[in-house]
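First up is the structure itself, then whatever we jot down about it.
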Amino acid sequence: MPAVADRPAIPAWRDRLARHPVPVALRSCWQAARGLTVALVLIAVARGVVPNLLYLGTSALAAALATSRDDATIATVIGGVTAAFFLIQIGEPIAEPLGAALGRRVNADLQRSVIVASLAPPTIGHLETAEFRQAMTTARDWENTAHPPSSAVNGLSYMITATVWALVSGFFLVQFVWWAPLIVMGGWLTMTFWGTRFREGPALARNRSATPLRRSTYYRDLAFEGSSAREARIFGLGAWLRDRSEEQWRTGMARIWTARAATRSLGLTGVGVLVIGYFVLFGLIMSAALAGTIDLARATLYVQSCGGLAFLWMPWAVLALKEATAPIPQVVAAVGRPVASRAGRDPAGMPREAIVLRNVSFTYPGQPKPVYEHLDLALRAGQSTAIVGANGAGKTTLVKLLCGLLEVDSGTIAVDGVLLGELDRTAWQGRVAAIFQDFVRYPFSARDNITLGRVAPSAHALDQAVANAMAGDAIDLLPEGIDTTLARDFGGVDLSGGQWQRIALARALYSVERGASVLILDEPTAHLDIRAEAELFDRFLELTSGLTTILISHRFSSVRHAQRIVVLDAGRIVEDGTHADLLAAGGLYASMFRQQAQHFDDAHG
């Protein structure tokens, strides 16, 4: 297979066509529900044809009344006109529920595509970029916009109907004079062009202003959400938050106001072209009728056909399609067209020897200072290793690299001599059980918070994980036991910070019961005091003996029983050894250990 760079470039016109709202909307509808899409298109085409049948019927009726007094003929024509009128009336009741159903399918499918775009990469590096965060914010706000994804269905249906309606009406007018449709179509297309610009300009400005408008909303929400609402009152932040919110709102709206002012006069040009076109065409039809060049029936048909061409006025439909489909390429571009974890070597049973970082450098996107430069570290399998250091030393970033959540800028990470990039990334992450300081508190039952829907080979794995995490007492107090929902907003109960941490630790231990071989605890005990954290870590080291265990903490005394302690400072390893060795060395570890111990003694003296 040739490399991507060797593939022929897509012609610009084809790329523009693929990005046009109509093909994008059709693809979205087709992917969401093929049967409904076919039905929608057929009904839209029929709704464009039937009004022209009414035009033919009324012109035939005019001819019958003018030239014939045959009651049977007149009755037949009136019957045809009535049938066409009836079909027009039932078109909307049929199309509306169909479009609504397809719109719901499209919306669900697009939301699913957003989730896939976010979760497809096994890494989270794309989540660190401002472009992706902005794209995801846009996607989350789809339903709050004037044209959510579901409105693409209505816009597409209208455009199909209007196009068919105008084409058939234009076919009738061509029989009068070949350039007659061009006069009206030119006017309406000009109106559509300027009307779309009139609406699109502010819409584009609104997209460019998303960041300040989002900040404005953030400042506003701080006034009444949770802990921020309390601090706003305690520190008297009300006026400051109000002023900041208004300032950001005015900054964001400035572009929108400018765009509106710049495009407001454009519609007048289209109106002028359209009015002139209609005057010319109606004048020609009237002159031909008075001169006897065309009869009453044809004059009636041509005048009505001019009205049919009016349905080319569709700026709202074009804009609806653009706004409804615009976030899709934004998200794809921001993610960088991710590909799910490729099949690689199965990491079953790994690590057997060691996880080795060699000459690793890493910098977060948009940050000027690297977290690591030329970092070397070997973590021996089956050993407990504590990573300690002050806040900002790079401890959590190291965990993300080991889990394969971030890609190194340079250097390598290898497991038993196999590069991490050569392993099946998803399978490797299944070998790792990590609990972070900011672990997720799911509004699920306690059972689901621990198992996350995963089934362990042992029937007693859940009970064992709960017992080992010392979470049993908290669960026994819940009204429905382990099946109690842990969220008051969903009819359940809220837990304390310490109780949540034991639930999270049970989650990690359950993963170990399911076969995870690397256990990482990234300061998950921040809500516990020093003594309780030390006791919990000691128990953990006892329970996970023989596993590759990595403990992250800024409390040096809590990890003193780890087989090995690595001290990080400003992204560098400055000390490495056992607790006794590092105390004897009298370096940074010894200094901070004694300092923290002194604070603890003073607090409990």
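The values are calculated or read from the model by the stated rules, or taken from the named source; none is laboratory data. Being a predicted model, the structure only gives us computed values, none of them experimental. As a convention, Cβ positions derive from the backbone with ideal geometry for all residues, glycine included, and neighbour counts pool all protein chains shown. The protein model used for the area step is the full one, side chains on, heavy atoms only, and it has no ligands, DNA or RNA in it. Shrake-Rupley method; radii C 1.70, N 1.55, O 1.52, S 1.80 Å.
What to note about this one:
- Under 5 Å, built H, 5+ apart or other chain: amide partners of R572: none
- Converting the Cα gyration tensor eigenvalues of region 41-102 into ellipsoid dimensions via √(5λ) gives semi-axes, longest first, of 31, 10, 6 Å.
- Dmax and Rg, reported as Rg then Dmax, of region 531-571 (C-alpha, Å): 10.6, 32
- A dipole drawn for region 533-605 from +1 and -1 charges on Cβ atoms has a positive end, and of G571, A534, V559 the residue lying farthest that way is G571.
- Heavy-atom accessible area order for F540, F444, largest first, 1.4 Å probe: F444, F540
- Placing unit charges on the Cβ atoms only, positive for Lys and Arg and negative for Asp and Glu, gives region 455-542 a dipole magnitude near 180 debye about its Cα centre.
- Each Lys or Arg adds one and each Asp or Glu takes one away; over the other residues whose Cβ falls under 14 Å from the Cβ of F444, this sums to 0.
- H374 exposes around 120 Å² of accessible area when a 1.4 Å probe is run over every protein chain in place.
- The mean of 1/r over all pairs of different alpha-carbon atoms in region 442-551, once inverted, gives a Kirkwood hydrodynamic radius of 14.2 Å.
- Under the simplified labelling scheme, the V41-D476 pair shows an inter-label distance of 6.5 nm, with each label point 7 Å from Cα along Cα→Cβ.
- Each residue was assigned an accessible area with a 1.4 Å probe, and for I387 the value is about 0 Å².
- Whole-Hz couplings from phi, Karplus 6.51/-1.76/1.60, listed for region 467-481; x for Gly and Pro: 5, 5, 7, 6, 9, x, 4, 5, 5, 5, 7, 6, x, 10, x
- Start at zero, step by 10 Å, and the Cα-Cα distances of region 342-416 spread as 17, 50, 27, 6 percent across the bins.
- Distances between placed amide hydrogens fall under 5 Å for Q437 paired with D522, all partners being 5 or more residues away or on another chain.
- Summing charges over neighbours of I355, with a neighbour being any other residue whose Cβ is under 12 Å away from its Cβ, gives +2 when K and R count +1 and D and E count -1.
- Over all other residues within a Cβ to Cβ distance under 10 Å of D483, the charged ones net out to -1, with Lys and Arg as +1 and Asp and Glu as -1.
- Accessible area per residue (1.4 Å probe, heavy atoms of protein chains only) ranks I88, I94 as I94, I88, with the largest value leading.
- In Hz, Karplus ³J(HN,Hα) per residue of region 36-45 (6.51, -1.76, 1.60; θ = phi - 60°; x = Gly, Pro): 5, 5, 4, 4, 4, 5, 4, 5, 5, 5
- Sequentially through region 158-174, phi angles give Karplus couplings (6.51, -1.76, 1.60; θ = phi - 60°) of 5, 5, 5, 4, 5, 5, 5, 4, 5, 5, 5, 4, x, 4, 5, 5, 4 Hz, Gly and Pro residues having no value and appearing as x.
- Length gained on full extension, E535 to S361, computed as 0.36 nm times the residue gap minus the Cα-Cα distance: 59.2 nm.
- Long-range amide H partners of A487 with built H, under 5 Å: G492, V493
- Extended-chain gain in nm, criterion 0.36 nm per residue less alpha-carbon gap, R34 and R242: 70.0 nm
- Site pair V275 and F85 shows an inter-label distance of 3.3 nm when each label is modelled 7 Å from Cα along Cα→Cβ.
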